[in-house]
Amino acid sequence: MRISTRLAFLAALIITSCTSSPVAPTPPADLVWGDEFNGTTLEPKNWGFQLGNGETTNNPGWGNRELEYYTNRLENVSVKDGNLVITAQKENFKGDLATGGSDKTYTWTSGRIVSAQKFSRAFGKIEVRAKLPLGKGMWPAVWLLPELTGNPYGTWASSGEIDMLETKGDQPSKVWQTLHFGGQWPNNTNSGNEFTFPNIDNKAGSIADWHVYTLEWRNGEIKWLIDGVVTSTKTAWWSSQANPPSSAADLNAWPAPFDKPFYALINLAVGGNFGGDPDSSTPNSNQMLVDYIHWSTLPLEGRDAGPRPTMVYPWTTGPERASLADGNLIYNTSFDWTASNEIVKANPTASTIPNVTNSSFWTVYQTQAGEAFTLSNDATVGNSLKLDITKPGNVNYAVQIRQDGLSIKQKKIYQVDFDAWSSVAHSIMSKVGGGESRGYSAYSGEQIIDLSTTPNQHHRYTFTMPGATDNATRLEFNFGAAGASQVWLDNVVVKEIGDAPVSVVRPPLADGNLIYNGGFTADTANITGITGVAKTSYWNTWENGNNGLVTTLEGNELHMAVGHLDPANNWHIQLNQPNIPLESGKSYTLTFKARADSSRAVNVVIGENGGSYARYLNDFAALGSSVQTFKYTFTSSVTNPLAQLQILGAVGKAGDAYNMYFSDFKLVKN
């Protein structure tokens with residue numbers, strides 16, 4: 001930071017953070033939307049609630065292993081003394097089925113409010129005056145997402161996300177400011193800034209003080225400010241609906257995705273991947289206070305964004321590092337390459353682990369948040385890498401061993417082998433994935449590896465590369481947040497073992513229907529159907545084993561009888577048809593007939609079959625006692641020859657018995 005900027009920040013900080021209670025300024029004259037939180041209840045014309053833990057959208061823990069269950073109770077979200085008060089409360093709380101949640105018992109509750117379908121806008125100046133909680137596991141955030149009327153450029157993160165502020169309760173002097181963009185997961189990326197408050201009179205600045213956090217969003221430029229001083233500026237990003245993007249032709253027009261309306265979210269999360277889970281030092285009740293939010297216009301906010309900036313894209317992957325003679329992509333696989341090794345001599349700038357003699361091409365990372373460990377070669381067990389972890393940190397990547405520079409190719413299958421064991425049985429996380437330019441995507445998924453105390457215990461996992469070829473892929477072993485122990489790692493191998501199966505696009509029927517056997521009339525040779533149910537070729541059902549589901553065909557209606565509902569997730573009862581071909585940017589209309597013997601709001605989904613389970617259509621059908629025709633129109637954000645139609649029907653109270661009937665499914669391209 002330049003000295004002049006630092007002095008300006010110090011001056012601003014002295015004025016703002018020393019104020020003991022919020023004093024709201026006069027709203028700006030160019031205000032278009034905002035909330036002073038001066039009433040006694042949350043203003044319904046401005047805000048709605050997001051409830052639950054993400055379970056009902058197949059996204060438990062909101063995709064981040066978060067612990068909290070969001071409610072609309074006054075205990076968690078209130079307006080008091082001129083502030084929005086979001087309270088994270090440690091308690092045993094059973095989710096509310098009536099509001100679309102899960103009836104699991106959660107250990108924390110909190111609140112998330114959203115302006116979705118109330119107010120959204122592209123561009124402008126957004127100001128939030130806030131006082132944020134301290135304590136390990138506290139994760140407050142103010143952020144923006146594209147309006148819910150549809151992800152205009154595709155599913156997350158190709159339609160963008162703007163994080164005005166995120167903080168970690170055990171790092172009170174830091175604020176994170178981030179853009180998420182790029183392709184659809186796992187081809188997403190991000191660009192961010194970690195800001196540290198300066199010291200004033202030998203006292204560290206803190207998120208627990210009142211500060212004004214500002215976002216200035218113009219076409220082609222996004223700035224973050226704290227107490228009036230610019231802390232970060234971003235002018236380069238990209239967006240693509242192609243999955244994966246492979247050339248400039250796949251890019252959405254610049255400056256997508258940050259040229260469409262976004263809505264605001266304010267929440268206090270608990271635990272998860274960002275800052276780790278609470279511990280015994282965390283208060284059982286903690287509050288995030290917001291004095292006001294103002295969204296006003298900016299001069300020249302809609303100006304010409306100029307030409308697309310030069311930046312790194314997935315297809316600009318850099319040179320490929322050759323595999324070893326046996327096909328292994330890992331160099332120094334057994335931590336025994338000495339300085340005389342020819343490959344080591346040819347790569348004098350290769351990474352090494354400090355104080356570990358034979359560690360060329362390996363890297364150690366730690367979050368510098370209190371974790372403590374030492375590393376060495378253990379000659380007693382074949383020179384294995386040994387970690388002696390005394391303080392494991394708060395998140396799994398707090399103690400990380402990795403190798404960078406692997407070339408992982410699109411649509412290839414890979415096998416990962418290694419030996420790992422521990423002095424104390426516990427689990428670690430391993431993944432093959434991208435670096436910062438790829439948003440740290442996990443191409444292999446996050447693999448949970450159970451370590452035993454047996455020396456040289458062997459482990460293996462396989463995966464198919466879902467993203468664009470990446471010549472800077474990382475193999476990670478994440479040993480953090482798993483207790484103090486000694487851990488050994490050896491004989492690491494990553495090899496390509498084959499090609500992903502070629503997808504055969506299923507053509508539409510003569511009438512244009514993309515759903516085969518939509519009327520439940522066909523038994524097609526060599527095509528499976530619902531087990532034990534005739535005339536159901538191309539369809540399947542699934543339940544988690546706790547619902548007593550029995551499926552039969554009655555006339556032209558498929559009858560799904562639920563004996564005793566397990567409502568933990570609505571997807572615990574499914575009617576599915578996979579292999580439906582969709583084209584990016586094309587509009588489709590789905591129709592079907594359905595009824596139930598008692599009112600049931602089933603989830604209607606067309607989306608990805610596996611991977612991130614991205615949803616291109618995500619709606620509901622309110623079934624009643626009379627047959628109704630349901631109709632939905634949507635635009636596919638991707639080209640996917642293997643999309644899946646799903647009816648998710650585990651809805652109601654625990655133990656419910658009910659009957660659902662479906663017929664005449666049709667999906668056509670408009």
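The values are calculated or read from the model by the stated rules, or taken from the named source; none is laboratory data. Owing to the predicted nature of the structure, the values given are computational and were not obtained by experimental measurement. Glycine also receives a Cβ, built like all others from the backbone with ideal geometry; neighbour counts cover every protein chain displayed. Calculation scope for accessible area: heavy atoms of the full protein, side chains included, ligands and nucleic acids excluded. Shrake-Rupley method; radii C 1.70, N 1.55, O 1.52, S 1.80 Å.
Quick rundown of the values:
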item	result
Only one of W254, W237, W295 that is touching a Gly at 6+ places or on another chain (Cβ under 6 Å) and at pLDDT 95 or above	W295
Hits in segment 124-141 (condition: open to solvent by less than 30 Å² (accessible area, probe 1.4 Å) and not in a strand (DSSP E or B))	L132, P133, G135, G137
Pair list, Cβ < 7 Å and 6+ apart or interchain, from segment 239-253 residues that are in contact (Cβ under 8 Å) with a residue 12 or more places away in the chain to residues that are of a type in the set (D, E, K, R) and buried (at least 17 other Cβ atoms within 10 Å of the Cβ)	S240/D250; A242/D250
Flag for V230 being in a strand (DSSP E or B), open to solvent by less than 10 Å² (accessible area, probe 1.4 Å) and more than 30 Å from T469 (Cα to Cα)	no
Segment 142-183, subset of a type in the set (A, V, I, L, M) and not in a loop (DSSP other than H, G, I, E, B), residue most open to solvent (accessible area, probe 1.4 Å)	L145
Condition met for S444 (touching a Phe, Trp or Tyr at 6+ places or on another chain (Cβ under 6 Å), among the hydroxyl-bearing types (S, T, Y), surrounded by 16 or more Cβ atoms within 10 Å (Cβ to Cβ) and not in a strand (DSSP E or B))	yes
Unique residue being open to solvent by 50 Å² or more (accessible area, probe 1.4 Å), within 19 Å of V494 (Cα to Cα) and either of a type in the set (S, T, Y) or in contact with a strand residue (DSSP E or B) (Cβ under 9 Å, 6 or more places away or on another chain) (or both) when the list is K391, K431, K411	K411
Meets criteria (within 27 Å of S441 (Cβ to Cβ), of a type in the set (A, V, I, L, M, F, W, C) and open to solvent by 40 Å² or more (accessible area, probe 1.4 Å)) for W315	yes
Qualifying residue in segment 177-193 (condition: under 22 Å from V114 (Cα atoms), in contact (Cβ under 8 Å) with a residue 40 or more places away in the chain and hydrophobic (A, V, I, L, M, F, W, C))	yes
Criterion: closer than 22 Å to S637 by Cβ, of a type outside the set (A, V, I, L, M, F, W, C) and touching a Ser or Thr at 6+ places or on another chain (Cβ under 7 Å) - qualifying residue of G192, G137, G154	G154
Criterion: within 30 Å of V504 (Cβ to Cβ) and among the hydrophobic types (A, V, I, L, M, F, W, C) - qualifying residue of V602, V627, V651, V668	V668
Residue match in segment 543-554 (condition: open to solvent by 30 Å² or more (accessible area, probe 1.4 Å) and under 30 Å from K412 (Cβ atoms))	no
Condition broken by N328, with the remaining ones in (1) closer than 30 Å to K90 by Cα; (2) open to solvent by less than 40 Å² (accessible area, probe 1.4 Å); (3) in a loop (DSSP other than H, G, I, E, B) satisfied	(1)
Residue in segment 348-366 that is farthest from F479 (Cα to Cα), counting only those that are open to solvent by less than 40 Å² (accessible area, probe 1.4 Å), assigned to a loop (DSSP other than H, G, I, E, B) and of a type in the set (V, I, T)	V356
Residues located in segment 32-48, provided they are open to solvent by less than 60 Å² (accessible area, probe 1.4 Å), within 16 Å of E127 (Cα to Cα) and either of a type in the set (D, E) or not in a loop (DSSP other than H, G, I, E, B) (or both)	W33, G34, D35, E36
Exclusive hit being under 20 Å from the mean Cα position of the chain (by Cα), closer than 22 Å to N188 by Cα and among the aliphatic types (A, V, I, L, M), set A236, A269, A248, A242	A242
Test for G532: is it under 25 Å from Y658 (Cα atoms), open to solvent by 30 Å² or more (accessible area, probe 1.4 Å) and in a loop (DSSP other than H, G, I, E, B)	yes
Residues of segment 70-87 that turn out to be touching a residue at least 40 places away in the same chain (Cβ under 8 Å) and farther than 19 Å from R129 by Cα, as a count	2
Residues of segment 280-308 satisfying the condition of being closer than 30 Å to S247 by Cβ and either free of Cβ contacts under 8 Å to residues at least 40 places away in the same chain or open to solvent by less than 30 Å² (accessible area, probe 1.4 Å) (or both)	A305
Strands (runs of 3 or more DSSP E) fully within segment 563-670 counting 2 or more residues that are open to solvent by 20 Å² or more (accessible area, probe 1.4 Å), within 20 Å of Y538 (Cα to Cα) and touching a residue at least 40 places away in the same chain (Cβ under 8 Å)	573-582, 587-596, 640-648, 658-669
The listed residue being surrounded by 15 or more Cβ atoms within 10 Å (Cβ to Cβ), of a type in the set (S, T, N, Q) and closer than 27 Å to L179 by Cβ, out of N513, N478	N478
Exclusive hit being modelled with pLDDT of 90 or more, surrounded by fewer than 19 Cβ atoms within 10 Å (Cβ to Cβ) and farther than 27 Å from N64 by Cβ, set P501, P508	P508
Condition met for L165 (modelled with pLDDT of 90 or more, within 18 Å of A116 (Cβ to Cβ) and out of contact with any Lys or Arg (no Cβ under 8 Å at 6 or more places or on another chain))	no
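Residue-wise test of (1) at pLDDT 95 or above; (2) more than 18 Å from I330 (Cβ to Cβ); (3) in contact with a helix residue (DSSP H, G or I) (Cβ under 8 Å, 6 or more places away or on another chain); (4) part of a strand (DSSP E or B).
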| position | (1), (2), (3), (4) |
| --- | --- |
| L385 | yes, no, no, yes |
| D388 | yes, yes, no, yes |
| G393 | no, yes, no, no |
| G405 | yes, no, no, yes |
| Q410 | no, yes, no, no |
| Q415 | yes, no, no, yes |
| W421 | yes, yes, no, yes |
